[in-house]
Amino acid sequence: MKLAGAVVVAAAAGCLVARTALGNGAFPDSQAVITPADRPHEILLATNFGLITSTDDGGSWTWSCEQDPNGRRNLYQLGASPGRRLFARDSSGLVFTDDRGCRWTAATGALDGAVISDAFPDPNEAARVLAIAAPRGAGGGAYRLLESSDGGATFPIVRYAAAAGDTLSGVEIARADPATVYLIILKGADLAPALALSTDRGATWREHDLSAALGTGSVLLIAVDRDDPRRVFLQVNGPSANVLAVVEDGGTTVSTPLRLESGFMSGFLQTSGGAILVSGLVGADAVLHRSRDGGRSFASVPAPPTLWGFSERSGTIFGAARIGSPFAITTSTDEGTTWQPFMRYEDVGAIAGCVQDVCEDSCLTQAAVKLWPAQMCMPHSSPPGDAAVVPEDAIGDATGGASEAAPERAPDGAAVDDGPAVVSMNDRARPAGCACSTSTAGSSGWWASAVLVGAWWRRRARRPHAFGRSKNCPR
């Protein structure tokens, strides 16, 4: 399971709380939660402004900035043990990190600078990674499925070359059988969908035409069944609805058990217990559907939180909350019936030490839009008196009284009372959503933070690296 290749953006009517956008025009938002089963205390939250990490079950959190000059990193996926290399897609192509975001390396060779439409690390073999390279610009060329045998560093093997005019929209290796690989092909200008199946690791392929069952248009590969390698879940982006399709027997049988009219699916999870969860948005309303019969039928779960993607570990489901929620991660221990707040952005305590210098500017940008207190951006190595650049009485004067503590957390939403990989469909342009939740913190508390931000900038101006470089983190 993985992030899907794209999302059809449905118009979301309703209210929006004004918030300052990031440098790439996006609002701060979560993308996916990653909970590796063999690292039971580690939790990763992928966002559109970097990576947030805990190694103590959520007791403490650190952040590393996105480090993509264009601010468009997405499609986060974790490779197999023992390395657990973390992959992502950005403006330079496919990138990876072995130290949870301290340093990112771009894939080279055939993928050097390529446009990546999808990628998938083998869930059983750390050295094997598949990636779809799309032709760049209007100069022609064809889509290709490439394979790496060195953990995503190079991609010298061509496993599939598409015909001219055809599009490859998704690829995935079956967890239960690494020799089984699926590829979605959209044929010609009409985008007639076909499912290509290989049972010999991509050496040969058999294609199944899906257009009679699904029509023409955008179709994406969501996941291969965790237990049955001949069963696949697809996302069909129709003109008026998002449809979940289930393809069985390697492509011979197709059913459509779930349809979101005027909406889109945002997350998918097949739990270790067999339940399947699909989150989404219909208009401005969050929806959550659950199947307990293997995806043959779905029932709506009442009053769900607004979620992008899921993961599961030891029976606990982790959800990445969408913008406007009073939390960044929420959890459920009853297959999605009830949800509890688990982590808020303001719980992040520090920039990861390995990227302190390159991420300070971005950290202060997030503080300015009230994502977290500005104090979080200061180096841990600074002595307590270092913050005395702004005397306490000066902050008190600015706020009309004594110094205030960090702003209070936003109230929990009324809807809120180890294992498979992450699936989130939040990796391209998406609607801002109805972000009506507001913080209960008074403006004076954030005025104090603004004063502190200004003082911090003045202190940094005396440091050689403070100016004269991009505010985005260099790779």
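Of all the criteria given as (1) assigned to a strand (DSSP E or B); (2) within 17 Å of Gln31 (Cα to Cα), the one not satisfied by Ile116 is (2).
The residues on offer are Ala21, Ala26, Ala134, Ala126, and the sole one that is among the aliphatic types (A, V, I, L, M), farther than 28 Å from Val369 by Cα, at pLDDT below 95 and surrounded by fewer than 22 Cβ atoms within 10 Å (Cβ to Cβ) is Ala134. Looking at this structure, is Asp98 modelled with pLDDT of 95 or more, closer than 23 Å to Ser198 by Cβ and not hydrophobic (A, V, I, L, M, F, W, C)? Against the criterion (modelled with pLDDT of 95 or more, closer than 23 Å to Ser198 by Cβ and not hydrophobic (A, V, I, L, M, F, W, C)), Asp98 does not qualify.
Given the criteria in a loop (DSSP other than H, G, I, E, B), small (Gly, Ala, Ser), modelled with pLDDT of 95 or more and crowded, with 19+ Cβ neighbours inside 10 Å, does Gly295 qualify? The answer is yes for Gly295.
For the range 228-271, the tally of residues that are in a loop (DSSP other than H, G, I, E, B) and under 22 Å from Leu130 (Cα atoms) stands at 4.
Would you be able to say whether some residue in the range 263-278 is over 25 Å from the mean Cα position of the chain (by Cα) and among the hydrophobic types (A, V, I, L, M, F, W, C)? For the range 263-278, residues over 25 Å from the mean Cα position of the chain (by Cα) and among the hydrophobic types (A, V, I, L, M, F, W, C): absent. Sub-8 Å Cβ pairs linking a first residue in the range 346-367 that is in a strand (DSSP E or B) to a second residue that is of a type in the set (Ser, Thr, Tyr), at least 6 apart or interchain, are Ala350/Thr62; Ile351/Thr62; Ile351/Ser64, ordered by first then second residue. Looking only at residues in the range 43-84 that are surrounded by 20 or more Cβ atoms within 10 Å (Cβ to Cβ) and among the charged types (D, E, K, R), which one is nearest to Phe342 (Cα to Cα)? Among those residues, the one meeting the criterion is Glu66. Counting residues in the range 257-274 that are small (Gly, Ala, Ser), under 18 Å from Leu195 (Cβ atoms) and modelled with pLDDT of 95 or more gives zero. Looking across the range 34-80, not a single residue is charged (D, E, K, R), at pLDDT 95 or above and within 15 Å of the chain's Cα centre (by Cα).
Remark: pairs (first residue in the range 250-277, within 13 Å of Asp225 (Cβ to Cβ); second residue surrounded by fewer than 18 Cβ atoms within 10 Å (Cβ to Cβ) and β-branched (Val, Ile, Thr); Cβ separation under 9 Å; 6+ apart in sequence or on different chains) = Gly250/Thr199.
The values are calculated or read from the model by the stated rules, or taken from the named source; none is laboratory data. The shown structure was predicted, so the numbers you read here are calculated from the model rather than taken from an experiment. Glycine gets a Cβ as well: all are built from the backbone with ideal geometry, and neighbour counts include every protein chain shown.
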